[in-house]
Each structure stands twice: as C-alpha cells, then as structure tokens.
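Below is one structure, written out as structure tokens; the observations come after it.
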C-alpha cells in the first residue's frame, strides 16, 4: 500500500517496499525559546537554516509546526509553509492541533500534504477529516480518544479500526491516504511501553496493511544517549512494519541506522542508497 505525498515538482512514496520515509521534525518552536521570539517578531529566517540542515541530513518530508503561545498560529503556519516551499521541493507534513491553522496551512500549500493529525475522538474526526478530503491530503491517525491513551495494543487496534472506518466510509478518504501512528511512549516512564508499541505495529500491519509513522524522539524522552536509543528502536520498528517516522534528520546516528535497516530489509536494491550516501560524505 502506497501513500503518495507531492510538492509541485517532486513526490515521496511511503510504503513497505520503499525506503523508509524520514520526516524531519525540526521546523517546530516547541522548546526553542529563541526561535519563538524570532517568530513573534515576524522573523522566519531560522526556518531556512532548519530546512538546509535537514536536507543535508536526509529528510524526505518536512513536518511544519508553528504552535506556540501568544501567536497567530494560522497566519504563521501559512507563512512558514510558503517559505519552506521556496527552499526545497520536499513534500510537507502540516502539523497542528488547531483546525483553523490546518485549514490555513493546507490552503497555502501547493501539493498533496500529510496532515498531522487526527485522533479517534468523534469531535476531532468530524472537524479534521472534511479538511483532509477537501484538500486531497493524507492524514495521520492517532488511536487515542477522549477517554484514554491506551496502553493495550488491542485497544489501539480497535481505535485504529474506528479511524479507518470513519475516514473511508463517511468521508471517502482512500485507505492508502491514512497513516496510523501506533503511539510511541517514553521508555523512561515504563520499560514495557516500547514493546507494546512494537506489538501494535505488528497488529496494525497484519489487519489493515496501512502505512505507519510515529514521533521517534518520544521513545527516548528523559533518557541519556537519546540518539543511541532511537538508532536501536527504529530498525526494530521497521522490521515490524513501520514505514516512516517524524524524527531528527540532523542526527546521523539515527538516519544511518534507518538506511542500514533499509539495506538489510531489502528496500535498498544492491545497496545503492547506502553506498551513495557514504561516497557523498567521503567526497565532502
């Protein structure tokens, strides 16, 4: 099953027979005080640096989030998207919990975007999925609802089933345009949580065959040597069926682990991507 994202001049295909899709997480003001101050002052120049650094690291899609206090998120998100599209031909993942901001971002984007995200809450499904349908986008579905972020993989699968049913049957969104986030939780909070995420990935792949993504940095939150944890986790998740991740594309240790897993899982024919990456580094 292929999820296709597009910019005006390029496309990225997410699928279990494709190279793992690295979605760069950096264009986000969360936890970045100076970046927030710049954005409030109308200075978006840091975004150009974030784009360049992530391109150099191997980002295939850019996640763009402008959520922060005391700012017009809709206006900022639209402006950021227009700026990113002048800097790169990579498709975008438009990231907001505010419906008005998603609408503004999708209206500003030239291409087929990935919307991040919708939960299984009835109110959120009815607010966000019409936007996804109207703009012809793909969407990330999170299997949690107003009652819980479930730990039980079977409950996550049940809520995945609901998201897919509502999206396909009520709104006519193709199933290949639904990307499920199996909910990556921090290993530092409970050492059983990552195994539950891996089990969820396996169960979703077996029942639905849809593409999946997650916030890779969530797994290592609060732990030392976070890049080492991410580099171990993602190949494990890829072997279960994960096909993309929102991650730090600047972290060569994690990106290298993903590319090595692509090679070992048969998604890098003749090792061409693996070899070319390291030849390019040697040349640089």
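The values are calculated or read from the model by the stated rules, or taken from the named source; none is laboratory data. Keep in mind it's a predicted model, so treat the numbers as computed, not measured. Cβ atoms come from the backbone with ideal geometry, glycine included; neighbour counts cover every protein chain shown.
Give 187, 229, 204, 246 a once-over and let me know the one that is in contact (Cβ under 8 Å) with a residue 40 or more places away in the chain and part of a strand (DSSP E or B).
246
Would you check if there is a residue in segment 269-282 being surrounded by 13 or more Cβ atoms within 10 Å (Cβ to Cβ), more than 17 Å from the chain's Cα centre (by Cα) and within 23 Å of residue 159 (Cβ to Cβ)?
Scanning segment 269-282, I find no residue that is surrounded by 13 or more Cβ atoms within 10 Å (Cβ to Cβ), more than 17 Å from the chain's Cα centre (by Cα) and within 23 Å of residue 159 (Cβ to Cβ), so the answer is no.
Are there any pairs with C-beta distances below 6 angstrom linking a residue in segment 1-17 that is in a strand (DSSP E or B) to a residue that is surrounded by fewer than 13 Cβ atoms within 10 Å (Cβ to Cβ) and at pLDDT below 95, with the two at least 6 apart or on different chains, and if so which?
none
Do we find that residue 239 is surrounded by fewer than 19 Cβ atoms within 10 Å (Cβ to Cβ) and within 27 Å of residue 176 (Cβ to Cβ) in this structure?
yes
Say whether the condition of being surrounded by 16 or more Cβ atoms within 10 Å (Cβ to Cβ) and within 16 Å of residue 179 (Cβ to Cβ) is met by at least one residue in segment 247-266.
Within segment 247-266 (the criterion being surrounded by 16 or more Cβ atoms within 10 Å (Cβ to Cβ) and within 16 Å of residue 179 (Cβ to Cβ)), the answer is yes, since at least one residue qualifies.
Specify the residue that is surrounded by the fewest Cβ atoms within 10 Å (Cβ to Cβ); the eligible residues are those in segment 89-109 that are touching a residue at least 40 places away in the same chain (Cβ under 8 Å) and in a loop (DSSP other than H, G, I, E, B).
For segment 89-109, the residue satisfying everything is 89.
Among the listed residues 26, 46, which satisfies the condition of being touching a helix residue (DSSP H, G or I) at 6+ places or on another chain (Cβ under 6 Å) and in a strand (DSSP E or B)?
When all the criteria are applied, what remains is 26.
Restricting to segment 43-67, give me the number of residues that are out of contact with any strand residue (DSSP E or B) (no Cβ under 8 Å at 6 or more places or on another chain) and modelled with pLDDT under 95.
Matching residues across segment 43-67 total 1.
Please verify whether residue 78 is assigned to a helix (DSSP H, G or I), buried (at least 18 other Cβ atoms within 10 Å of the Cβ), in contact with a helix residue (DSSP H, G or I) (Cβ under 7 Å, 6 or more places away or on another chain) and in contact (Cβ under 8 Å) with a residue 12 or more places away in the chain, treating the condition exactly as stated.
yes
State which residue pairs qualify: first residue under 16 Å from residue 59 (Cα atoms) and inside segment 267-284, second residue assigned to a loop (DSSP other than H, G, I, E, B) in any location, beta carbons under 7 Å apart, and separation of 6 or more residues or different chains.
273/19; 274/268
Considering only segment 110-126, I want to know if a residue exists there that is in a loop (DSSP other than H, G, I, E, B) and exposed (fewer than 14 other Cβ atoms within 10 Å of the Cβ).
Looking for residues that are in a loop (DSSP other than H, G, I, E, B) and exposed (fewer than 14 other Cβ atoms within 10 Å of the Cβ), one finds at least one in segment 110-126, hence yes.
Would you check if residue 145 is modelled with pLDDT under 95 and in contact with a strand residue (DSSP E or B) (Cβ under 7 Å, 6 or more places away or on another chain)?
Judged against the criteria, residue 145 is a match.
Determine whether segment 122-133 contains at least one residue that is touching a residue at least 24 places away in the same chain (Cβ under 8 Å), closer than 26 Å to residue 195 by Cβ and within 18 Å of the chain's Cα centre (by Cα).
No, there is no match, as no residue in segment 122-133 is touching a residue at least 24 places away in the same chain (Cβ under 8 Å), closer than 26 Å to residue 195 by Cβ and within 18 Å of the chain's Cα centre (by Cα).
Restricting attention to segment 142-163, does a residue exist that is within 22 Å of residue 91 (Cα to Cα) and free of Cβ contacts under 8 Å to residues at least 60 places away in the same chain?
Within segment 142-163, one or more residues are within 22 Å of residue 91 (Cα to Cα) and free of Cβ contacts under 8 Å to residues at least 60 places away in the same chain.
Select from segment 173-184 the residues that are part of a loop (DSSP other than H, G, I, E, B) and free of Cβ contacts under 8 Å to residues at least 60 places away in the same chain and write down the one among them that is surrounded by the most Cβ atoms within 10 Å (Cβ to Cβ).
Here the residue is 184.
Looking at segment 127-171 only, could you name the residues that are crowded, with 18+ Cβ neighbours inside 10 Å and outside any helix (DSSP H, G or I)?
137, 138, 139, 140, 141, 142, 143, 145, 150, listed by residue number.
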